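One structure, as C-alpha cells, below. Some questions next.
The values are calculated or read from the model by the stated rules, or taken from the named source; none is laboratory data. Because the structure is a prediction, the values reported are computed rather than measured. Note: ideal-geometry Cβ built from the backbone for every residue, glycine included; neighbour counts use all protein chains shown. With ligands, DNA and RNA removed, areas are computed over all heavy atoms of the protein, side chains included. Shrake-Rupley method; radii C 1.70, N 1.55, O 1.52, S 1.80 Å.
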Amino acid sequence: MGKYQDQLATGKKISRPSEDPVVAMMGTKYRTEVNHIEQYTRNLSTAYNWMDSTDDALSQANDVLQRIQELVTEASNDTYSDSDRKDAEKEIEQLRKQLESIANSTVAGKYIFNGTDTSEKPVDLSTNPPTFPQNNEAVTVKVADGVEIRINADTTNVFGEQLFQDLSDLQGALQNGASGEEVSGFLSKIQGHLDHVTSAQAELGARQNRVDMMKNRLDDKAVTAKKILS
C-alpha cells in the first residue's frame, strides 16, 4: 500500500532507479528524446524566421525590378523627351538604392544574403570599388538526427555586380539622351534579373516545404515520446 501511495503522490512508477532499473533506463532514454525534439523544434523556429525573411526580401526585390521594367518600357517610347527620361532616371536611382537596402537585409543582426559570412554587409556601393556578395556557402540548421537543412538562398546572381552595373548603364543612357531603341535594349537585361529572383524564390520555396514536413514529423514524434514517457 505504501508503494502505491508513493506512486499516486509523485505521479511516478518508481522513485529510485534501483526499484526498477529497466524502467529507469527507459525513462532516461525518452526524456533525452523529448529534449532533442524540443531543441530541433527551436531550430525550426530559427529556420522559419530566416527563410520567411529571405522570401519577403526577394518579393520586395521582384517588385522593385518590375517597377524598373515599367519605367524602361515607358522610356523606350519615342514620345518621351530627354527631360522625361531624366525624370525616369531619378526614380531608378531611388529604386537602385532600395535594391541595395534589400540586399543588406538582416535577421537578428546577421546578413542573410552573404552566405556564411553573416557579419559582413554583402553590398556596399559607397566603397571604391563597390562590394558585392561573394560568399554563397550554405547556412544550415539541424532539424533531426543527421538531418540539416539550408536556410539561406544563393543570391550571388540576384544581387551580384551585374545587376548594379546594368542599372548604372541604364541610368547613364537615360541621362545622356539615348534613343527609345537604345533604352529598350535594357528590357531583356532587367527580365534576366527578374528571372534570377524568381529562380531563387522557387528554390527557397521547395526547402520551405521540406521544413513544413519536418515540423509535422517532429510534432508527431513529440506526442509519441511524451506519451511513452508518461
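Counting heavy atoms of the protein chains only and a 1.4 Å probe, report the per residue accessible area for the chain as a whole number of Å².
57 Å²
Oh, and also: Of the listed values [x] 126; [y] 139; [z] 162, grab the one calculated as volume of the Cα convex hull per residue in Å³ from the structure here.
Identified label for the calculated read-out: [y].
Please give every one of the lysines within straight-line cross-link reach of LYS97, meaning a C-alpha to C-alpha distance under 27 Å, and leave out same-chain neighbours fewer than 8 residues apart.
LYS86, LYS110, LYS121, LYS189
Grab the Cα-Cα distance for ASN77 and LYS3, subtract it from 0.36 nm times how many residues apart they are, and report the gain in nm with one decimal.
Going from the current span to full extension adds 17.5 nm.
What does the helix-only formula give at 222 nm for the chain: each DSSP H stretch with n ≥ 4 adding -39500 (n - 2.57), the total divided by the residues, and the result rounded to the nearest 500 deg cm²/dmol?
-23000 deg cm²/dmol
How much net charge surrounds ALA222 when only other residues with a Cβ under 13 Å from its Cβ are counted (Lys, Arg +1; Asp, Glu -1)?
+3
Region 110-166 to region 33-72: how many Å between their Cα centroids?
Distance between centres, Cα-based: 13 Å.
Ok, one more. Can you classify region 148-230 as rounded, prolate or oblate using the Cα gyration tensor, where a ≥ b ≥ c are the square roots of its eigenvalues, rounded means a/c under 1.5, and otherwise it's prolate if a/b beats b/c and oblate if not?
It is prolate, given that a/c is not under 1.5 and a/b is the larger ratio.
Something else about it: Enter the angle in degrees (range 0 to 90, nearest 10) between the Cα long axis of helix 82-103 and the first principal axis of the Cα atoms of the chain, meaning the one along which they spread out most.
20 degrees
On to the next question. What fraction of the Cα pairs in region 65-156, stated in percent, has a spacing above 15 angstrom?
Counting pairs separated by more than 15 Å, the tail of P(r) holds 68 percent.
Counting Lys +1, Arg +1, Asp -1, Glu -1, what net charge surrounds VAL34 among other residues with beta carbon under 11 Å of its beta carbon?
Neighbour charge sum, excluding VAL34 itself: +3.
Which aspartates and glutamates does LYS226 reach when only Cα atoms under 12 Å apart count, and residues fewer than 8 places away in its own chain are ignored?
Cross-link targets: GLU33, GLU38.
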